[in-house]
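Structure first, then comments.
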Amino acid sequence: EFLIEKWLALIYQINSDFSWGYRTGEIFVKLLLEEVLKKNQSFNFQQVELDDRMKRAIDFIHQNYSKEISIEEIAAKISLKPVRFRNCFHEALGVTPKTYLINLRLKKACDLLLHYNDSIKEIAYKVGFSQNDYFHKCFKEHFHTTPQEFRQSKKTLFNC
């Protein structure tokens, strides 16, 4: 679908730029596509679709990181089975979706810790951690300091 949409957009662009009829533009793009595929036989339509799905998954995670979201929910949004989604995500980004989500939440927490005076517990909830103890554990593992120590230091040494 992604590739088809891109080609159709090109057809419309050709039609508007050169005042060709739609059919002429469609034939031109088909010929162009055939030439591209002849020269690049390793082109993988499934990979293009998969890459688009991973981008949509990442967008979904970024839009919903502060909520309780599951692998199953993300996978359903991009029409993949959870195990396939997890494997594809890990292959594409080098981390599991859960790790990606935790890292995103921790980065958001850093910003809140540095720029706002909300309690650490409130910040943990704002960025999607339902348990304060788990937030502390993840934060300490990732940044080698506690959220309180991080806030007090006010250093950007921790790459937030």
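The values are calculated or read from the model by the stated rules, or taken from the named source; none is laboratory data. Keep in mind it's a predicted model, so treat the numbers as computed, not measured. With ideal geometry, Cβ positions are generated from the backbone for all residues, glycine too; neighbour counts draw on all protein chains shown. Keep in mind that these areas ignore ligands, DNA and RNA; they rest on the heavy atoms of the full protein, side chains included. Shrake-Rupley method; radii C 1.70, N 1.55, O 1.52, S 1.80 Å.
Does the range 93-116 include one or more residues that are among the hydroxyl-bearing types (Ser, Thr, Tyr), surrounded by fewer than 17 Cβ atoms within 10 Å (Cβ to Cβ), within 17 Å of the chain's Cα centre (by Cα) and closer than 27 Å to Arg56 by Cβ? So far as the range 93-116 goes, yes, one or more of its residues are among the hydroxyl-bearing types (Ser, Thr, Tyr), surrounded by fewer than 17 Cβ atoms within 10 Å (Cβ to Cβ), within 17 Å of the chain's Cα centre (by Cα) and closer than 27 Å to Arg56 by Cβ.
Residue pairs whose Cβ atoms lie under 7 Å apart, sitting 6 or more positions apart in sequence or on different chains, and linking a residue in the range 53-72 that is touching a residue at least 60 places away in the same chain (Cβ under 8 Å) to a partner that is of a type in the set (Gly, Ala, Ser) and open to solvent by 50 Å² or more (accessible area, probe 1.4 Å), are Glu68/Ser130. Quick check on my filter: what residues within the range 67-91 are part of a helix (DSSP H, G or I), over 24 Å from Ile123 (Cβ atoms) and in contact with a helix residue (DSSP H, G or I) (Cβ under 7 Å, 6 or more places away or on another chain)? Selection gives Ile71, Glu72, Ala75, Lys77, Pro82, Phe85, Arg86, Cys88, Phe89.
Restricting the range 117-126 to residues that are free of Cβ contacts under 8 Å to residues at least 24 places away in the same chain and not small (Gly, Ala, Ser) leaves a set whose member that is most open to solvent (accessible area, probe 1.4 Å) is Asn117.
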